[in-house]
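Nothing in this text is a laboratory measurement; each read-out follows from the coordinates by a stated rule. Being a predicted model, the structure only gives us computed values, none of them experimental. Cβ atoms come from the backbone with ideal geometry, glycine included; neighbour counts cover every protein chain shown.
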4 protein chains.
Amino acid sequence: MMTKGRLEAFTDGVLAIIITIMVLELKVPHGGDFEDLKPLLPIFGSYILSFIYIAIYWNNHHHMMQTVKHVTGSILWANMHLLFWLSLIPFVSGWMGENHFTTAGVFLYGIVLLGAAIAYFVLQYLIIKSHGKDFILSKALGKDLKGKASPVLYIIGIISAFFNIWISGFMFVFVAVMWLIPDNRIEKALNKDSNL
Amino acid sequence: MMTKGRLEAFTDGVLAIIITIMVLELKVPHGGDFEDLKPLLPIFGSYILSFIYIAIYWNNHHHMMQTVKHVTGSILWANMHLLFWLSLIPFVSGWMGENHFTTAGVFLYGIVLLGAAIAYFVLQYLIIKSHGKDFILSKALGKDLKGKASPVLYIIGIISAFFNIWISGFMFVFVAVMWLIPDNRIEKALNKDSNL
Amino acid sequence: MMTKGRLEAFTDGVLAIIITIMVLELKVPHGGDFEDLKPLLPIFGSYILSFIYIAIYWNNHHHMMQTVKHVTGSILWANMHLLFWLSLIPFVSGWMGENHFTTAGVFLYGIVLLGAAIAYFVLQYLIIKSHGKDFILSKALGKDLKGKASPVLYIIGIISAFFNIWISGFMFVFVAVMWLIPDNRIEKALNKDSNL
Amino acid sequence: MMTKGRLEAFTDGVLAIIITIMVLELKVPHGGDFEDLKPLLPIFGSYILSFIYIAIYWNNHHHMMQTVKHVTGSILWANMHLLFWLSLIPFVSGWMGENHFTTAGVFLYGIVLLGAAIAYFVLQYLIIKSHGKDFILSKALGKDLKGKASPVLYIIGIISAFFNIWISGFMFVFVAVMWLIPDNRIEKALNKDSNL
């Protein structure tokens, strides 16, 4: 039996650090006028998008963990695997922004988003598998449309990077917006369940 | 139902990191004499002010969360929105200090303070709205003079940046001092309330 | 009596920061093409290995602390000693990667791994000593083959650095893989023990 | 009433970050040979000393907080004041090390140690004042010889910086060693006290 508390605390710590050190990519410019900020605008745009993605992952992770009753060794490693992909976001976010959204930058950003999505999916799968068939999370997820659509949209975004980075950008923003829209599946299921 | 504990832990983590990485803007000078520290003085002044602001936000956030009984999805996102503005403080603080308080630097610092204040206000509003009418926080805040005066003073400071940055500086320091003065509204209300 | 909770929280915090700031060694390249990432590949390989090591330490630490019933002053300092060695991993990892696995780089990386392993061993020893003879951890560890093999393999890797860094690399990867393979000794022992 | 838990969590977070980001002052050298590490040796020495100081503060803070039964607004700000001084340690530590222990570097390091000691003293005083006269901490501290000797030794170290930095270095190391020696005053007092 492993306490899920410490898993949550560690994940919170890592996500809090990722979301905060990203801002270090916004290097303080040496000039002090408004135009000196101009070169930072793409990095800043990239920062906002990445901030939202980390916030979404924290949010979804938090909801998912609420339903968890026990943590196995493989769940723990699946969680580490997720944190690995998320830890690369400050780097790919900075690179994409600093080079004004080149094909390679946008491509790599998409790859990291896709890697994180797959890692999250694996984590979710292992949690469901390790709990009984009446497990609240499986009921709450239902068909899990968002979870299934995201990787597809990321892949479209990744391939588009070689033709038109605007399509890629649209895909990555679209997925973020899709997850930002309130989604009370787990909250509702938890409220129904009297055991919690 | 969401546990407010994890929201607090995540917020604590982000604020702890913000308050600490700000010191990384104090780049270690290559010379080892006292005069080599001189160029760092404005950055240091800027650091002290920003440190106090983050401490105030932590303090107020902590008090506010003590009264909260449940956390909704929108409260969570309002909290993330607040953290976004606060995460920009190390950058604007470093930029303002390194360029010796130019108009643009002081202006942007004020904009970020204003953004954080508005985000805090929205968070507070959503918390009050989601709780009943006898909610302890609404009683504790009363007319919330400080909360209402701060954005006005920030706006005066932001506009003054184009004419006289000393006025701006005075405004930003004044708001910080105003919040530093002990304010026991919530503590008193909590003590009165026998349910806590 | 010292609460082990705060020891765990502090350790989690430090490990979360170590695992995350390592990514800062991946300096964003100025060019925006795929070939601009090439020089980063060895640093990235080094990053992955170090990430896995920190994850293993977190995992093992977590399991060990579950069995702990009280924390003495010397346990606390042994823990700090472990954190000291682990805090050097981002530095040696970055150095080893950036200089493409020179003898000195690989040697120093091995020294830090060895230092951490010894520190962990000391911590484990102090915990066992401070608990009774029926202490669950001593039973769970049994002969502790992995714990005893690791320092030996590190030393082989450290010495090999002067002849053939591929042997060193193999040793360091091998130890990581050895620990990644599920190992349920403590979990099993905890489940047997009805007191927990 | 304020929960001391969140004060501890925030302090843990800040100390964990301080102790970890200090290692970022150890800039990865571009050469990959052993001699390329040589210029880093003074920074590394400085890092070890600072690591021990932060560990001591964490340790003492942890013990002190165990005795605390309630946290007032002024205790909270005294704690922030302590964190402010400690947050400067990575900077002064890096500066002192990088410039090979110049007078100014050693002087400033001493000033920050002194500032932190005074801040700790104020925090301790406010905690004792806010609790009753039978408060366990006052009994545990007794004459508090270490607490009183430290600032005196720091001041000697600070003044010596102008004549002989070896005396300063000795003082700063001596105080660290003095605190490292086990000191069970609070632990003993807590064990005696049946209320805990």
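Hydrodynamic analysis of the protein assembly as shown uses the Kirkwood radius over alpha carbon pairs. Inserted into Stokes-Einstein at 37 °C and 0.692 mPa s, it gives a translational diffusion coefficient of 119 µm²/s.
Measuring between their Cα centroids, the range B:66-135 and the range D:83-135 lie 30 Å from each other. Distant-in-sequence amide contacts of A:Val71, defined by a placed amide H-H separation under 5 Å and a gap of 5 or more residues or a different chain, comprise A:Met2.
Counting only Cβ charges, +1 for Lys and Arg and -1 for Asp and Glu, the dipole size of chain A around its Cα centre is about 920 debye.
Figure legend: label point modelled 7 angstrom from the Cα of A:Lys139 along Cα→Cβ; residues of the range A:60-81 with amide N under 15 Å from it are A:67-69. Have a look at D:Gly147, D:Gly132, D:Gly97 and tell me which one the Gaussian network model of chain D (Cα, springs below 10 Å) gives the largest fluctuation. Of the options given, D:Gly132 has the highest mean-square fluctuation. Mean per-residue shielding of peptide B:45-57 is 2, counting Cβ atoms of other chains within 10 Å of each Cβ. With point charges of +1 on the Cβ of Lys and Arg and -1 on the Cβ of Asp and Glu, referenced to the Cα centre of chain C, which listed residue (C:Ala161, C:Val23, C:Leu7) lies farthest in the positive direction of the dipole? Value computed over the given set: C:Leu7. Report relative contact order for chain D in percent, whole number only (criteria: Cα-Cα under 8 Å, sequence separation at least 6). Reported as a whole number, the value is 24 percent.
Pairs from the list C:Lys69/D:Lys69; B:Lys4/C:Lys4; D:Lys4/D:Lys27 with a Cα-Cα gap above 32 Å: D:Lys4/D:Lys27.
Using a 7 Å projection from Cα along Cα-to-Cβ, the label point at D:Asp144 is separated from the same position in the remaining copies by 4.0, 4.0, 5.6 nm, smallest value first. Looking at the range C:49-136, the trypsin sites (Lys or Arg not before Pro) that sit in a DSSP loop and have at most 14 other Cβ atoms within 10 Å of their own Cβ are C:Lys69, C:Lys133. Comparing mean-square fluctuations of C:Asp33, C:Asp144, C:Asp12 from a GNM of chain C with C-alpha springs under 10 Å, the top value falls on C:Asp33. Taken residue by residue and averaged, Cβ atoms of other chains lying within 10 Å of the Cβ of A:87-96 number 5.
Only DSSP H runs of four or more residues enter the estimate; each adds -39500 (n - 2.57), and after division by the residues of the protein assembly as shown the mean residue ellipticity at 222 nm equals -24500 deg cm²/dmol. Inter-label distance, A:Met178 to C:Thr3: 4.3 nm, where each label sits 7 Å from its Cα along the C-beta direction. Placing unit charges on the Cβ atoms only, positive for Lys and Arg and negative for Asp and Glu, gives the range A:102-183 a dipole magnitude near 220 debye about its Cα centre.
Counting from the shortest, the label point at A:Tyr125, 7 Å from Cα toward Cβ, is 4.4, 4.4, 6.3 nm from the same position in each remaining copy. Taking θ as phi - 60° and the Karplus parameters 6.51, -1.76 and 1.60, the scalar couplings of the range B:86-100 work out to 5, 5, 7, 4, x, 5, 5, 5, x, 5, 4, x, 5, 9, 6 Hz in sequence order, x denoting glycine and proline. Which longest uninterrupted range of chain C lacks any chymotrypsin sites (Phe, Trp or Tyr not before Pro) assigned by DSSP to a loop state (not H, G, I, E or B) and surrounded by at most 15 other Cβ atoms within 10 Å? With a cap of 15 other Cβ atoms within 10 Å, the longest stretch comes to C:1-161.
Please give the charge dipole size of the protein assembly as shown, origin at the Cα centre, charges +1 on K and R Cβ atoms and -1 on D and E Cβ atoms. Round to the nearest 20 debye. Please report the intermediate quantities before stating the final value.
On the way: 56 positive and 48 negative charges, 617 e Å.
Roughly 2960 debye for the protein assembly as shown.
Sequentially through the range C:10-15, phi angles give Karplus couplings (6.51, -1.76, 1.60; θ = phi - 60°) of 5, 4, 4, x, 5, 5 Hz, Gly and Pro residues having no value and appearing as x.
Between the residues B:Val122, A:Pro151, B:His70, the greatest Cα displacement towards the positive end of the dipole of the protein assembly as shown, with unit charges on the Cβ of Lys, Arg, Asp and Glu, is found for B:His70. Taking the label point 7 Å along Cα→Cβ, D:Asn164 and its counterparts in the other copies are spaced 5.5, 5.5, 7.8 nm apart, in ascending order.
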